[in-house]
Amino acid sequence: MEFKPQKFLNPKWQLLLQKSLISETTISLFETLKSYQELGKKIYPEIPDIFNSLNLCLPDKISVVIIGQDPYHGKGQANGLAFSVNSGCRIPPSLRNIFIELKADLNIAISNCGNLESWAKEGVLLLNTCLTVEESKPGSHQNIGWEEFTDYLIKKISNNGYIVFILWGAKAHAKESIINKDNNLIIKSAHPSPFSAKRGFFGTKPFSKTNKFLKKNSKKEINWNLDIE
């Protein structure tokens, strides 16, 4: 398989990220992924899906950016969207806690489906700080170049203004310093994982705060209900 990022990325994103895509860091990153695959290492999500979060939410459609850590590392789970799993997969604990907070915040029933594609199509960019991971090895693709790529991406997006950035967990918090503070809203909290959700995630009401900001700035509110098309 050809390991050029442009092959998997919508032209609008290619234009926005053109400097990053031809940088030595990104070229080296994809060469590293290629070498991992040649060694027989299983990478998630599947290579053609690593930019799903971007391709489902184009630059001019973004209203919200939710930043996570890295993809799920279990077989068949990751679909290229942060916190999201493929349809039919058991809902992971972190996502279950997100749904619990959504119910408490906006009284939206807890979904039985963990595929968040409909949020992406609403204008929510579900972005991990690293876009790939090796099977059964969480955090295994840190420091191979993804952080620089997502830093560049976040900087470019934040310059548009009137976007809500939702930062869940320490890895996401580290991105705050590169977000343009002018006309954007930053919502920070603990990660929704079972290890930290009770220490600063539950009760933060990120969904209603997001829609309040969007409405105030004459932007379309997000329909967070996954069970209604």
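The values are calculated or read from the model by the stated rules, or taken from the named source; none is laboratory data. Source: prediction; values computed, not measured. For neighbour counting, all protein chains shown are included, and Cβ atoms are generated from backbone atoms with ideal geometry for every residue, glycine included. Keep in mind that these areas ignore ligands, DNA and RNA; they rest on the heavy atoms of the full protein, side chains included. Shrake-Rupley method; radii C 1.70, N 1.55, O 1.52, S 1.80 Å.
Odds and ends about this structure:
- Label zone at Ser193, where the point sits 7 Å out along the Cα-to-Cβ direction: the stretch 107-138 residues whose backbone N lies under 19 Å: 127-138
- Averaging 1/r over every pair of different alpha carbons in the stretch 51-124 and inverting the result gives a Kirkwood radius of 12.8 Å.
- Derived value for the stretch 101-158: Kirkwood hydrodynamic radius 14.1 Å. Basis is the mean of 1/r over every pair of different alpha-carbon atoms.
- Across the alpha-carbon atoms of the stretch 1-92, the computed radius of gyration and Dmax are 14.0, 39 angstrom.
- Neighbours of Leu16, meaning other residues whose beta-carbon lies under 13 angstrom from its beta-carbon, give a summed charge of +4 when Lys and Arg score +1 and Asp and Glu score -1.
- Potential lengthening between Ser208 and Ser136 on full extension [0.36 nm per residue; Cα-Cα distance subtracted]: 22.4 nm
- With every protein chain in place, the chain: carbon and sulfur % of accessible area (1.4 Å): 49 percent
- Cross-link pairs exceeding 18 Å in C-alpha to C-alpha distance, out of Lys41/Lys75; Lys61/Lys220; Lys7/Lys175; Lys4/Lys34, comprise Lys7/Lys175.
- Rg and Dmax [Cα atoms of the chain; Å; Rg one decimal, Dmax integer]: 16.7, 52
- Rounded accessible area per residue of the stretch 1-46, 1.4 Å, Å²: 61 Å²
- Label zone of Lys41 (point 7 Å out along Cα→Cβ, amide N under 15 Å): in the stretch 110-153 this covers 130-147.
- Between 0 and 90°, nearest 10: helix 206-216 axis offset from the chain longest Cα axis: 80 degrees
- Taking each DSSP H run with n ≥ 4 as -39500 (n - 2.57) and averaging over every residue of the chain yields -9500 deg cm²/dmol at 222 nm.
- Against the chain, whose longest principal axis comes from its Cα atoms, helix 93-106 is set at around 30 degrees.
- Using a Förster distance of 25 Å, the FRET efficiency for Asp227-Asn10 (Cβ separation, nearest 0.05): 0.35
- In degrees, nearest ten, helix 24-38 long axis to first principal axis of the chain (Cα): 80 degrees
- Across the chain, Cα pairs under 8 Å and at least six residues apart give a relative contact order of 22 percent.
- Near Asp70, once Lys and Arg are set to +1 and Asp and Glu to -1 for all other residues with Cβ below 13 Å from its Cβ, the sum equals -1.
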